[in-house]
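Structure first, then comments.
The values are calculated or read from the model by the stated rules, or taken from the named source; none is laboratory data. Because the structure is predicted, anything quoted here is derived from the model rather than measured. Every residue, glycine as well, gets a Cβ built from its backbone with ideal geometry; the counts of neighbours run over all protein chains shown. Note: accessible area is taken over every heavy atom of the protein model, side chains too, but ligands, DNA and RNA are not part of it. Shrake-Rupley method; radii C 1.70, N 1.55, O 1.52, S 1.80 Å.
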Amino acid sequence: MFLFEAQLSASEVLRIFHQDEPALFLGSAFTTVGIVTGAFCLLRRRFDALLVWLGVFAFFYGQRMWFDTGILHVTLAGNEFFALLRWAVDFVVPIPAFLFFQAAGLMPRRGKLVTAILSIVFLSLAVAVFVVGRLPLLHTINNVLVIAALPWILVRTFLLGKRDHDFVVLRRGLFCFVVLALWDNTLGPFWFRFNLEPYGFAVLLGCLGYVAARRTLERDQQLGEIQKELDVARSIQLSILPGAFPESADFRVAARYVPMTAVAGDLYDFLATDARRTGLLIADVSGHGVPAALIASMVKMAATSQRDHAAHPAKLLAGMNDALCGNTQGQYVTAAFVYLDAQARELRYAAAGHPAMLLLRDGHVIEIAENGLLLAAADDAIYTERSMTLERGDRLLLYTDGLLEAKNGDGRLFGDESLAAALRNTAALSPVDAVERIIAEVQQWSTSQEDDLTALICDFAGIT
């Protein structure tokens with residue numbers, strides 16, 4: 001038999017090839033779907049059971065179609081391993097199929113157990129081919145199991161009673177596949193010389209592709225709407241940040257805010273009392289994104305409500321804490337506030353769990369720390385403040401911990417010393433250029449931004 005096939009004429013080989021064209025085309029298409037689906041799952045780095053088992057099912061189904069082609073039989077005539085492999089693939093194909101049906105919720109209540117048992121049986125049949133050879137009994141067992149299971153799956157699709165559009169489309173595709181699969185495994189061989197089941201599988205894949213494409217478009221539309229809402233949220237958040245510092249003969253102030261995401265939890269504000277006295281606030285809400293941004297707006301309102309206490313930083317922070325406690329959904333806020341009095345040449349500083357303020361004076365960096373409990377952590381928290389004399393040429397730096405915790409490729413933090421050095425190097429720069437330089441150094445240090453970056457610089461001109 002094999003010798004006869006090997007000696008076929010070129011015209012007969014060409015005729016066999018033409019007969020196999022539909023199977024070769026569909027086998028290639030199904031195999032490609034399987035590979036693309038697998039690659040998509042790898043790119044997502046997420047195990048989606050429905051997609052994974054569909055991809056494996058499509059891949060093995062396509063391989064089985066190739067193995068069943070006459071042109072491959074002629075090419076590998078006399079190869080016993082190929083003959084065994086062809087039989088084994090027949091028994092392997094149902095395994096990902098039933099795992100797919102299980103993931104789609106089309107198996108009975110104890111579907112996992114049934115699927116596990118069927119998978120073990122089919123795998124045992126595949127192994128048995130290499131142990132005992134091509135026994136017709138193995139194919140009989142395979143056909144009986146498939147014929148018994150497929151009608152139940154078909155009935156399940158109607159018993160579920162779902163009416164959403166996607167499920168209706170999936171049910172129609174599954175109906176075509178199951179009906180044609182049953183036909184090929186029962187009466188088909190007596191009526192037709194070719195299989196109809198692959199065309200049912202093509203319809204099923206088409207229906208699944210339609211559902212996937214529709215859901216993708218729907219998800220893209222939803223993402224577009226979310227992006228529009230984030231853009232609006234970003235605009236709103238930027239609107240709560242103050243504009244340019246009011247023109248002053250005594251103070252020169254500049255701030256730089258670089259959120260990690262579209263919206264973030266860092267905040268700064270100016271609480272000016274008159275032409276010669278002002279207050280500078282900086283705050284950092286735990287977490288990121290929209291929740292942190294919403295709480296940041298609450299911090300802004302809490303600070304504004306305490307404007308009358310701007311001359312007493314400890315009292316201002318205590319009032320903010322009272323306003324925020326119980327209203328931040330378990331998120332906390334670090335904050336620092338400095339009150340500057342040009343006439344008295346004095347600064348008063350208090351903080352709530354925030355990184356220390358830095359003072360650049362005569363080329364030396366001085367750390368000013370006076371910390372209390374985080375805002376919104378506990379009722380009736382007590383804060384203290386520190387007073388210092390202001391000198392002409394003093395430069396103050398308020399910042400959030402995103403600057404200190406920026407990491408380079410080796411995992412090293414930017415840290416206090418680097419920040420102090422960066423501040424010293426800005427001595428000859430204006431506040432605007434200085435704050436830009438510091439943020440740029442932090443960004444150059446870090447491989448990726450993992451937190452919001454906010455810095456605020458204030459120079460005391462010392463005008464009398």
Any hit, the stretch 63-78, residues being among the charged types (D, E, K, R) and modelled with pLDDT of 85 or more: yes
Tell me, please, whether a residue that is within 29 Å of A352 (Cα to Cα), among the small types (G, A, S) and surrounded by fewer than 19 Cβ atoms within 10 Å (Cβ to Cβ) can be found in the stretch 187-207. no
Of a type in the set (K, R) and part of a helix (DSSP H, G or I): is that true of R172 in this structure? yes
What is the number of the single condition among (1) among the polar types (S, T, N, Q); (2) more than 33 Å from the chain's Cα centre (by Cα); (3) surrounded by fewer than 17 Cβ atoms within 10 Å (Cβ to Cβ) that S239 does not meet? (2)
Inside the stretch 275-290, can you point out the residues that are under 20 Å from Q237 (Cα atoms) and not in a helix (DSSP H, G or I)? L280, L281, I282, A283, D284, V285, S286, G287, H288
Which residue out of G462, G411 is at positive phi, in a loop (DSSP other than H, G, I, E, B) and touching a residue at least 24 places away in the same chain (Cβ under 8 Å)? G462
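Per-residue answers, yes or no, for (1) assigned to a helix (DSSP H, G or I); (2) at pLDDT 75 or above; (3) within 30 Å of D266 (Cα to Cα); (4) of a type in the set (G, A, S):
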{"residue": "L180", "(1), (2), (3), (4)": "yes, yes, no, no"}
{"residue": "F194", "(1), (2), (3), (4)": "no, no, no, no"}
{"residue": "T216", "(1), (2), (3), (4)": "yes, no, no, no"}
{"residue": "K228", "(1), (2), (3), (4)": "yes, yes, yes, no"}
{"residue": "V232", "(1), (2), (3), (4)": "yes, yes, yes, no"}
{"residue": "S239", "(1), (2), (3), (4)": "yes, no, yes, yes"}
Which pairs do you get when a residue that is closer than 17 Å to P96 by Cβ, found in the stretch 122-133, comes within reach of a residue that is among the charged types (D, E, K, R) and assigned to a helix (DSSP H, G or I), reach meaning Cβ atoms under 9 angstrom, with the pair 6+ apart or on two chains? L125/D90; A126/D90
Please go through the stretch 2-11 and give me each residue that is at pLDDT below 75 and either open to solvent by 100 Å² or more (accessible area, probe 1.4 Å) or assigned to a helix (DSSP H, G or I) (or both), ordered by number. F2, L3, F4, E5, A6, Q7, A10
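Every residue, every condition in (1) among the hydrophobic types (A, V, I, L, M, F, W, C); (2) in contact with a helix residue (DSSP H, G or I) (Cβ under 8 Å, 6 or more places away or on another chain); (3) open to solvent by less than 50 Å² (accessible area, probe 1.4 Å); (4) under 24 Å from E197 (Cα atoms), yes or no:
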residue: L42; (1), (2), (3), (4): yes, no, no, no
residue: D48; (1), (2), (3), (4): no, yes, yes, no
residue: A58; (1), (2), (3), (4): yes, yes, yes, yes
residue: L72; (1), (2), (3), (4): yes, yes, yes, yes
residue: F81; (1), (2), (3), (4): yes, no, no, no
residue: D90; (1), (2), (3), (4): no, yes, yes, yes
residue: P96; (1), (2), (3), (4): no, yes, yes, yes
Filter pass, A29 being small (G, A, S), at pLDDT 85 or above, farther than 20 Å from N143 by Cβ and open to solvent by 30 Å² or more (accessible area, probe 1.4 Å): yes
Just one of Y349, Y332 is under 36 Å from the mean Cα position of the chain (by Cα) and aromatic (F, W, Y); which is it? Y332
